[in-house]
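To start, the structure under review is shown below, and the notes come after it.
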Amino acid sequence: MESANEAYKVAVFGAYGHTGRFVVAELAARGFVPVASGRDAAKLRELAASRPGLDIRPATAGDPASLDLALSGVAAVINCAGPFAETAAPVIEAALRAGIPYVDVAAEIEANADTFAHYAARARTEGALIVPAMAFYGGLGDLLVTAALGDWTSADEAHIAYGLNSWHPTTGTRAAGEVSHARRGGRRVRFADGRLQYHDDPVSTTDWSFPAPMGTRTVVAEFTMADVVTVPSHLPIPEVRTYMTTEAAKDLSEPGTPAPVPADEHGRSDQTFLVDVVVRSGGTERRAVARGRDIYAVTAPLAVEAVHRILTGRTRTTGVASPGAAFDAPDFLRALSDHILVELPERDPEVLAARG
Ligand SMILES: NC(=O)c1ccc[n+]([C@@H]2O[C@H](COP(=O)([O-])OP(=O)(O)OC[C@H]3O[C@@H](n4cnc5c(N)ncnc54)[C@H](OP(=O)(O)O)[C@@H]3O)[C@@H](O)[C@H]2O)c1
């Protein structure tokens, strides 16, 4: 318990969703006072029944006054209500009106790109900080790429390979995928030659050599995730590629795959992840690795650590910023050692070199 955080109320929009519940629990565990918001008053009451004393404030994206009430007297807001194509802009507008920082967990490439495009200049002018994709996808990869670079200021390529043993998607993940698919007109997307490119190339697979004990696995190449927005937003890397183990990609694509089921005392599922990052410059390669359990659950410590750092002045910029630009990436990752095991170049050079 960090008693210094007790003064801070932090609103969670989408608080009763699968990810929102983890975020509310993490805020409480770290001594913040969560304020639970969302569009369904009955679901908020049901959440409060399991958390006596929880401050609940119904609000909808279409009603700015309700959002203003939801954010009244809070120090920051974490938006967990997706699809973010629908919720990001209204909640950002409310956060700017309230003069508080905004953090979200959006995995949608286009929604995250919109947040940068629409709010970067205004947030900078107002001295506000908006951190989109402060989550497993988009955020963790960006922190790892930033940490892997070390003293490099640029690289030729960044590769982020997601080694998931399975992926039981939530309703929100499926909805976000459908919205993104529709926004792309069914096309695929990659980040190459310094820009997002939409294309119709067939899906291909390749082998990726993950660190032990996972070893070589077949991955879907160009399984493009939000890292293609977060990384290039602050790092001059013209090629950013993301990959996904085929078993997890298959789970996601099958409509019958069930939602995640709690399997431990923290409510985490039995899903494990290994995120393997390689950056290349000239003929040289640097790596960073993260391991943990449950991509939804681990999003909570990522988002709450971000809020903690913002509220305690440990930030590097204002405006709209990716996690690697907003925070000291290696320090941020190491602060999460209860949740994520990381191997970074400057701390674990031998481990990483042995794999090269
Ligand atoms: N980047 C990442 O790694 C990462 C990690 C975790 C989650 N996410 C994203 O976070 C979102 C939520 O995921 P989840 O796993 O928590 O899904 P979930 O359990 O289905 O929860 C979705 C939440 O969003 C709310 N919501 C949906 N549309 C809304 C709208 N128009 N206005 C207000 N609230 C709305 C839902 O409320 P109702 O029940 O009232 O519909 C619910 O509270 C998804 O977009 C997902 O992709 C991303």
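The values are calculated or read from the model by the stated rules, or taken from the named source; none is laboratory data. This one's a predicted model, so the numbers in the text were calculated from it and none came from an experiment. Cβ atoms come from the backbone with ideal geometry, glycine included; neighbour counts cover every protein chain shown. Accessible surface is based on the protein model in full, side chains and every heavy atom, while ligands, DNA and RNA are left aside. Shrake-Rupley method; radii C 1.70, N 1.55, O 1.52, S 1.80 Å.
Would you confirm whether any residue within segment 313-329 is among the β-branched types (Val, Ile, Thr), at pLDDT 95 or above, in a strand (DSSP E or B) and touching a helix residue (DSSP H, G or I) at 6+ places or on another chain (Cβ under 6 Å)?
At the first step, the residues of segment 313-329 found to be among the β-branched types (Val, Ile, Thr) are 315, 317-318, 320.
Filter once more, so that each one left must be at pLDDT 95 or above: 315, 317-318, 320.
Okay, now just the ones that are also in a strand (DSSP E or B), so 320.
Next, from what is left, pick out any that are touching a helix residue (DSSP H, G or I) at 6+ places or on another chain (Cβ under 6 Å): 320.
So far as segment 313-329 goes, yes, one or more of its residues are among the β-branched types (Val, Ile, Thr), at pLDDT 95 or above, in a strand (DSSP E or B) and touching a helix residue (DSSP H, G or I) at 6+ places or on another chain (Cβ under 6 Å).
Scan segment 312-341 residue by residue and report those that are among the β-branched types (Val, Ile, Thr) and within 26 Å of Ile92 (Cα to Cα).
Initial filter on segment 312-341 (among the β-branched types (Val, Ile, Thr)): 312, 315, 317-318, 320, 340.
Of everything in segment 312-341, those that are among the β-branched types (Val, Ile, Thr) and within 26 Å of Ile92 (Cα to Cα) turn out to be Thr312, Thr315, Thr317, Thr318, Val320.
Among the residues of segment 263-276, which ones are touching an Asp or Glu at 6+ places or on another chain (Cβ under 9 Å) and either assigned to a loop (DSSP other than H, G, I, E, B) or open to solvent by less than 50 Å² (accessible area, probe 1.4 Å) (or both)? Talk me through it step by step, then tell me what you get.
Pass one, segment 263-276, residues touching an Asp or Glu at 6+ places or on another chain (Cβ under 9 Å): 263-264, 266-273.
If the condition is that a residue be touching an Asp or Glu at 6+ places or on another chain (Cβ under 9 Å) and either assigned to a loop (DSSP other than H, G, I, E, B) or open to solvent by less than 50 Å² (accessible area, probe 1.4 Å) (or both), then Ala263, Asp264, His266, Gly267, Arg268, Ser269, Asp270, Gln271, Phe273 are the ones that fit.
Return the residues of segment 53-66 that are more than 10 Å from the ligand (Cβ to nearest atom) and open to solvent by less than 20 Å² (accessible area, probe 1.4 Å); say none if nothing qualifies.
Scanning segment 53-66 gives a single hit, Ser66.
Can you tell which of Asp193, Asp227 is in contact with a helix residue (DSSP H, G or I) (Cβ under 9 Å, 6 or more places away or on another chain) and acidic (Asp, Glu)?
Details: Asp193 fails: in contact with a helix residue (DSSP H, G or I) (Cβ under 9 Å, 6 or more places away or on another chain).
None of the other options fit; the residue is Asp227.
Hey, can you tell me all the residues within segment 280-309 that are part of a helix (DSSP H, G or I) and in contact with a strand residue (DSSP E or B) (Cβ under 6 Å, 6 or more places away or on another chain)?
Going through segment 280-309, the residues part of a helix (DSSP H, G or I) turn out to be 299-309.
Ala303, Ala306, Val307, listed by residue number.
Can you go through Ala300, Ala335, Ala326 and tell me which one is touching a Lys or Arg at 6+ places or on another chain (Cβ under 7 Å), open to solvent by less than 60 Å² (accessible area, probe 1.4 Å) and within 21 Å of Val10 (Cβ to Cβ)?
Working: Ala300 fails: touching a Lys or Arg at 6+ places or on another chain (Cβ under 7 Å); Ala335 fails: touching a Lys or Arg at 6+ places or on another chain (Cβ under 7 Å).
Of Ala300, Ala335, Ala326, the one residue that is touching a Lys or Arg at 6+ places or on another chain (Cβ under 7 Å), open to solvent by less than 60 Å² (accessible area, probe 1.4 Å) and within 21 Å of Val10 (Cβ to Cβ) is Ala326.
Taking Leu196, is it among the hydrophobic types (A, V, I, L, M, F, W, C), out of contact with any Phe, Trp or Tyr (no Cβ under 7 Å at 6 or more places or on another chain) and open to solvent by 50 Å² or more (accessible area, probe 1.4 Å)? Show your work before the answer.
Working: among the hydrophobic types (A, V, I, L, M, F, W, C): yes; out of contact with any Phe, Trp or Tyr (no Cβ under 7 Å at 6 or more places or on another chain): yes; open to solvent by 50 Å² or more (accessible area, probe 1.4 Å): yes.
Yes, satisfied.
Yes or no, residue by residue, for (1) assigned to a helix (DSSP H, G or I); (2) at pLDDT below 95; (3) away from the ligand (no atom under 12 Å from the Cβ); (4) closer than 22 Å to Thr170 by Cβ:
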position: Ala36; (1), (2), (3), (4): no, no, no, yes
position: Ala42; (1), (2), (3), (4): yes, no, no, yes
position: Leu47; (1), (2), (3), (4): yes, no, no, yes
position: Gly73; (1), (2), (3), (4): no, no, yes, no
position: Ala121; (1), (2), (3), (4): yes, no, yes, no
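Does segment 137-168 hold any residues that are more than 15 Å from the chain's Cα centre (by Cα) and within 16 Å of the ligand (Cβ to nearest atom), and which are they?
Answer for segment 137-168, where residues must be more than 15 Å from the chain's Cα centre (by Cα) and within 16 Å of the ligand (Cβ to nearest atom): Ala161, Gly163, Leu164, Ser166, Trp167, His168.
Does segment 102-122 hold any residues that are touching a strand residue (DSSP E or B) at 6+ places or on another chain (Cβ under 9 Å), open to solvent by 10 Å² or more (accessible area, probe 1.4 Å) and within 17 Å of Gly14 (Cβ to Cβ), and which are they?
Result: Val105, single match.
Has segment 141-159 got any residue that is open to solvent by less than 10 Å² (accessible area, probe 1.4 Å) and farther than 28 Å from Thr312 by Cβ? Steps first, answer last, please.
Keep residues of segment 141-159 that are open to solvent by less than 10 Å² (accessible area, probe 1.4 Å), which gives 141-145, 147-149, 155, 158.
Still in the running and farther than 28 Å from Thr312 by Cβ: 155, 158.
Yes; the residues of segment 141-159 include at least one that is open to solvent by less than 10 Å² (accessible area, probe 1.4 Å) and farther than 28 Å from Thr312 by Cβ.
Taking the condition in contact with a helix residue (DSSP H, G or I) (Cβ under 6 Å, 6 or more places away or on another chain) and in a loop (DSSP other than H, G, I, E, B), does Gly62 pass?
So Gly62 fails the test.
Collect the residues in segment 27-45 that are closer than 22 Å to Thr87 by Cα and open to solvent by 30 Å² or more (accessible area, probe 1.4 Å), keeping them in residue-number order. Can you show your working first?
To start, the set of residues in segment 27-45 that are closer than 22 Å to Thr87 by Cα comprises 27, 34-45.
Hits for segment 27-45 are Arg39, Asp40, Ala41, Ala42, Lys43, Arg45.
Among all residue pairs at least 6 apart or on different chains, which show Cβ distances below 7 Å where the first residue, located in segment 41-67, is under 15 Å from Gly20 (Cβ atoms) and without any contact (Cβ under 8 Å) to a residue 24 or more places away in the chain and the second is open to solvent by 30 Å² or more (accessible area, probe 1.4 Å) and small (Gly, Ala, Ser)?
The qualifying pairs are Pro58/Ala41.
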